[in-house]
Structure formats: C-alpha cells, structure tokens
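This report refers to the structure that appears directly beneath it.
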Amino acid sequence: MKIDCKHVWDHISAYIDGEVTVELRAEIDRHLETCEVCSAVLDSTRNLVVLVADGRVFELPAGFSERLHARLDNELELDQT
Amino acid sequence: MKASNPEFEAECIRRILAGEKQLFHELIRPCERAIYFLLFSLLKNETDAEDAAQETVIKVYLNLHLFRGDAQFRTWVLSIARNEGLGRLRKLATRREDSIEAESEEHAGDFTPAILTSWREIPSEALERQELGALLRKAIEGLPAIYRNVVLLRDIEEMDVRETAAALGITEGAVKVRLHRARALLQRELAPKLKPFAPRRNGWFGRGK
C-alpha cells in the first residue's frame, strides 16, 4: 500500500513520539524518501517540539517560588493541628 | 522535569502528617512548575495563575490526609490545580468566550500544515534571541484552550500521556488527538515565521550582516 501526504500528516505527531506501528513507520519512511514537502513538514514540526520544550520559552515569573513558599510558611504557622 | 519518586513522597507525607510540617516545602517543590503552567494555560494570565497556584498548594497541604496513594502524587496535585483553575474560570465565564468546558472537538477546524519544500533546522541556541521565545509563547497562548493545556503539559512540562490525561480529566486518546492538532496548528502558524531564525550558511544565525 502506498500512502499519500495527507495520511503522513495525520500521523506526524505520533511518528515524532514513536507511537506508530513498525509497519506504518516503514510506510512513512518510504514516503519521506521521495516527498520533500512531507519531509519539510516533519522536520519543522519536530524542530518546533524541541524548541517549545526548551526551559527558556516558558519560565516561572521571577520570584514565584519565593512568594509561594513564604505564603506556605504563613499557612504552616497558622495550622496548629 | 524531575521524575517523581513515590517512596520519597510517601515517606514525606507520613512524616508531615505526623507533625514535621516543614517537610511539605520539599514535597511540593517538584510540582511547582507543572501547577503553575497548568493554571497559566487555563487562566492565560500570570497574576491569576500565580494566585491560583498558591491557593492550590495550600489546598494540597490542608487535604494531604486525603491522598490515598492510588494515583501519583503529582497527578493528584494537578487535579486539585485543575479544579482551582476551572472554578475561577466559571466565575469569569460571563465575560470570557474561552470557557474551557464550552469548547468541544466539533469546531475542530483545519489542521493542514504549512506546506514547505525545505526546512533548515533552528538550533536551541537561537532562543538566545528574545523575539524567538516571544513568537513561540504568543503562538501557544493563542491556541484554543483544549489544545493549549495539552501542549503545556506534554511538550513543555514533558509529562507522559497517562499523567496528562489524568491531570486534565480526559482520555489518553484525547490527549494524543489534541496534541497532534496543537502541533499542526503551531507548525502552520510558526513555520513561515521562523525561517529567519535558521543559521545562515556562512556564520551564525542572524549575527552576521
């Protein structure tokens, strides 16, 4: 069975996460060898997944942890049980 | 993200309940980021997310005796955070169109990717440029809430499918479908905008003239 581009796009996320079957992975790999559009879509999607996971993209607000633990200390003090 | 350690958690909880209250700081510390980003994804506002995160942590402390150990501690904590966030959203619902429960999979939209014929890898070092981080944040914050949550927990907090499903109260299948759609939406939105961040053939990204 030969798969088309739409079929590849439908499985890109699962492919990146290693959640496709061995058979489907082989089909997709075969398609990617000759389809530069799907290769670019896969590469760009995978690249984005790596970039957004970088700790520099979403950081806790400055002082978040200090304020949280200070508030918690007040609460622990109040709790006399 | 730190892997959770059930033995450490169970021992901590036992000692906290026996009176070593200060240990709660150490118990909750590994969960802080996930609590905040889950709430940020729901509330879309740093101040509200921080306030809700503090309330969540206090509720966790006050209800610690109810934790049964049949779920992972962090999953339990995140379900408390989610309830806190949803409670606040309900209060705001009259002036928000983005109410999470009102959003269904129905108006799912078009998930066709941006069509490219080549892609030059953008290295993580490119994040030293503030504009790149800002573009990524804006795109994620602009996703519909049901997709934004899943991206934040799966791709940013790097939680597994099972824990994400438990924290959000949805099935594992829904996590996978939503993550797929979220990534497709991000690719379509971002891929055309990110090309300038790819390294130049001669020299480093964007630094040379």
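Just so you know, all these numbers are worked out from the coordinates, no wet-lab data involved. Predicted model, so just to flag it, every value in this text is computed and none were measured. Note: ideal-geometry Cβ built from the backbone for every residue, glycine included; neighbour counts use all protein chains shown.
Of the residues making up segment B:5-45, those that are more than 25 Å from the chain's Cα centre (by Cα) and surrounded by 16 or more Cβ atoms within 10 Å (Cβ to Cβ) are B:Cys12, B:Ile13, B:Ile16, B:Lys21, B:Leu23. You will find that of A:Leu72, A:Leu32, the residue that is hydrophobic (A, V, I, L, M, F, W, C) and within 10 Å of chain B (Cβ to nearest Cβ) is A:Leu72 and no other. The number of residues in segment B:124-137 being touching a residue at least 60 places away in the same chain (Cβ under 8 Å) and surrounded by 15 or more Cβ atoms within 10 Å (Cβ to Cβ) comes to 3.
Answer with yes or no whether B:Gly133 is facing chain A (nearest Cβ under 10 Å), at negative phi, part of a helix (DSSP H, G or I) and out of contact with any Gly (no Cβ under 7 Å at 6 or more places or on another chain). Answer is yes for this residue.
Summed over segment B:142-193, the residues that are in a helix (DSSP H, G or I) and facing chain A (nearest Cβ under 8 Å) give a count of 13.
Residue count for segment B:1-60 satisfying the condition of being among the small types (Gly, Ala, Ser), touching a helix residue (DSSP H, G or I) at 6+ places or on another chain (Cβ under 6 Å) and farther than 29 Å from A:Val52 by Cβ: 0.
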